[in-house]
1. Can you tell me which of (1) open to solvent by 40 Å² or more (accessible area, probe 1.4 Å); (2) part of a loop (DSSP other than H, G, I, E, B); (3) under 30 Å from Q277 (Cα atoms) is the one P209 doesn't meet?
2. Which residue is nearest to L373 (Cα to Cα), if the candidates are limited to the range 328-353 and must be touching a residue at least 24 places away in the same chain (Cβ under 8 Å) and open to solvent by 60 Å² or more (accessible area, probe 1.4 Å)?
3. Please state which one of V174, V155 is β-branched (V, I, T) and open to solvent by 50 Å² or more (accessible area, probe 1.4 Å).
4. Does any residue of the range 179-196 turn out to be over 30 Å from S130 (Cβ atoms), touching a residue at least 24 places away in the same chain (Cβ under 8 Å) and out of contact with any Gly (no Cβ under 6 Å at 6 or more places or on another chain)?
5. Where residues in the range 218-260 are among the aliphatic types (A, V, I, L, M) and assigned to a strand (DSSP E or B), which of them is surrounded by the most Cβ atoms within 10 Å (Cβ to Cβ)?
6. Looking only at the range 354-375, how many residues end up being surrounded by 17 or more Cβ atoms within 10 Å (Cβ to Cβ) and either under 30 Å from P281 (Cα atoms) or small (G, A, S) (or both)?
7. List, please: which pairs have Cβ atoms under 7 Å, are six or more places apart or on different chains, and start with a residue in the range 154-166 that is more than 19 Å from N203 (Cα to Cα) and free of Cβ contacts under 8 Å to residues at least 40 places away in the same chain and end with one that is charged (D, E, K, R) and open to solvent by 70 Å² or more (accessible area, probe 1.4 Å)?
8. Inside the range 279-297, can you point out the residues that are polar (S, T, N, Q), under 16 Å from N202 (Cβ atoms) and either surrounded by 12 or more Cβ atoms within 10 Å (Cβ to Cβ) or within 29 Å of the chain's Cα centre (by Cα) (or both)?
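The values are calculated or read from the model by the stated rules, or taken from the named source; none is laboratory data. It should be emphasised that the depicted structure is a prediction, and the values quoted were computed from it without experimental measurement. Cβ sites come from the backbone with ideal geometry, for glycine too, and all protein chains shown count toward neighbours. Protein only, heavy atoms only, side chains kept; ligands, DNA and RNA dropped before computing areas. Shrake-Rupley method; radii C 1.70, N 1.55, O 1.52, S 1.80 Å.
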Amino acid sequence: TAEVSLLKTESGELSHDIQAQHLIDLPLLGIGGTYSSSQGMRFYQAEIALVPGSSAPGSGFTSGIRVNGAPNGTQRTQIDGMDGTNQINAVQAGVGASVDTIQETAIQTSNFAPEFGSVGGGLINLTMRSGTNQYHGAGYDYLSNEIFNGDAPFVNTKQRIRRNDYGFNVGGPVWIPKVYNGKNRTFFFFNREQYRETFVVNNVPITVPTAAYRAGNFAGAITGGSVGTDPLGNTIRAGMIYDPTTAQTVNGQVVETAFAGNIIPASRFDKVALAIQNLIPNPTNGNTSLNYLPSFPNDRVTTNWNVKIDHQLGDKAKISGLFLENYSYAQISQSLNGSEGLPNEITATRGSFSISHQYRVNFDYTLSPTLLLHLGAGITLYQLN
């Protein structure tokens with residue numbers, strides 16, 4: 001449905017209000033996790049796909065949000081009125097804000113007010129859910145599995161997908177039996193969410209040394225015919241290995257002699273290099289390249305939890321506090337860490353671990369029917385290893 005936009009006289013901003021239900025309805029855990037965060041979890045910034053003039057290219061939603069052509073990484077996120085953006089890397093803005101804890105999102109795309117001076121590519125303003133006088137709770141599990149998908153055309157295969165994003169929330173008045181009844185005064189809302197992705201990679205071959213190469217015999221590495229001669233008249237062929245101890249200068253050029261038969265004597269092996277080589281797995285086929293098919297697990301676990309407390313100090317005053325925590329662990333991940341399946345002692349893989357905390361405190365006081373005093377303080381802590 002289309003609605004006529006109301007004329008705004010108080011400001012020149014262009015904004016779009018998006019209800020939380022839209023995020024719940026979006027398929028955020030599809031193939032590649034296109035609309036999920038770099039941590040895999042459903043991500044509130046997927047809302048940007050619903051805003052005209054905005055896009056999020058790439059396979060991970062945080063890889064490049066662009067609003068009205070502005071560079072990616074220039075957007076900002078506010079959580080309950082305060083900046084929740086990681087100042088080091090804006091694309092990780094507001095980590096910790098679970099989709100199921102968001103009440104409403106206002107996305108401003110242009111003509112930002114002076115109070116948002118650090119914004120270039122869109123302001124995402126999140127309002128977090130609060131408890132009410134009635135107790136409400138929910139449980140959910142967003143499942144992505146290849147069993148629900150059709151075969152790929154022509155090849156009749158399915159990409160293996162095993163993702164779960166599950167959690168629960170509960171909210172209502174704070175009530176401690178025989179101690180405190182917070183109905184009409186004190187409310188809470190709690191949410192805990194966890195994302196798990198576990199699957200085994202066993203279809204990406206890598207190259208390891210053959211038995212002959214391990215013994216120093218590189219005769220099989222010589223390919224093709226002569227590509228020329230050196231200043232001494234020796235034939236040069238692709239794949240030849242030269243003895244560095246035979247280096248000499250001939251007519252102003254440094255010339256080395258190739259090992260006989262392209263074989264390095266065992267007496268010349270470096271002990272450290274030999275010890276490292278012994279850690280490399282043996283080939284699983286007879287090829288000289290792409291000759292080892294590793295099988296190793298990919299794991300990624302991300303956990304969000306948050307609690308919001310609202311308290312009415314009186315008819316005119318209200319105070320609220322919000323605490324969010326997000327931590328993500330991926331010890332072995334092909335997509336995040338470039339895992340190749342080699343043993344831990346020699347792998348290039350390094351685990352990815354991040355922890356973030358968000359603290360928010362707001363105080364509101366109604367001075368008059370047309371004047372509101374709002375005070376707020378917040379802290380964002382982000383650690384990436």
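1. Single failed check for P209: (1).
2. Initially, the range 328-353 is screened for residues touching a residue at least 24 places away in the same chain (Cβ under 8 Å), giving 328-336, 339-343, 345-346, 351-353.
Pick out the ones that are also open to solvent by 60 Å² or more (accessible area, probe 1.4 Å) and you get 329, 331, 334-336, 345.
Numbers: Y329: 41, Q331: 47, Q334: 51, S335: 48, L336: 45, E345: 59 Å.
If we take residues in the range 328-353 being touching a residue at least 24 places away in the same chain (Cβ under 8 Å) and open to solvent by 60 Å² or more (accessible area, probe 1.4 Å), then Y329 is nearest to L373 (Cα to Cα).
3. On the way: V174 fails: open to solvent by 50 Å² or more (accessible area, probe 1.4 Å).
Answer to the selection: V155.
4. No.
5. We begin by selecting, within the range 218-260, every residue among the aliphatic types (A, V, I, L, M); these are 219, 221-222, 227, 232, 236, 238, 240-241, 247, 250, 254-255, 258, 260.
Adding the requirement that they be assigned to a strand (DSSP E or B) leaves 227, 236, 238, 247, 250, 254-255, 258.
Values: V227: 10, I236: 12, A238: 11, A247: 11, V250: 10, V254: 10, V255: 15, A258: 17.
The extreme case among them is A258.
6. The total comes to 2.
7. N164/D141; N164/R196; Y166/D141
8. Here is the first cut: in the range 279-297, the ones polar (S, T, N, Q) are 282, 284-285, 287-289, 291, 295.
Then drop every residue that is not under 16 Å from N202 (Cβ atoms), which leaves 284-285, 291, 295.
Answer for the range 279-297, where residues must be polar (S, T, N, Q), under 16 Å from N202 (Cβ atoms) and either surrounded by 12 or more Cβ atoms within 10 Å (Cβ to Cβ) or within 29 Å of the chain's Cα centre (by Cα) (or both): T284, N291, S295.
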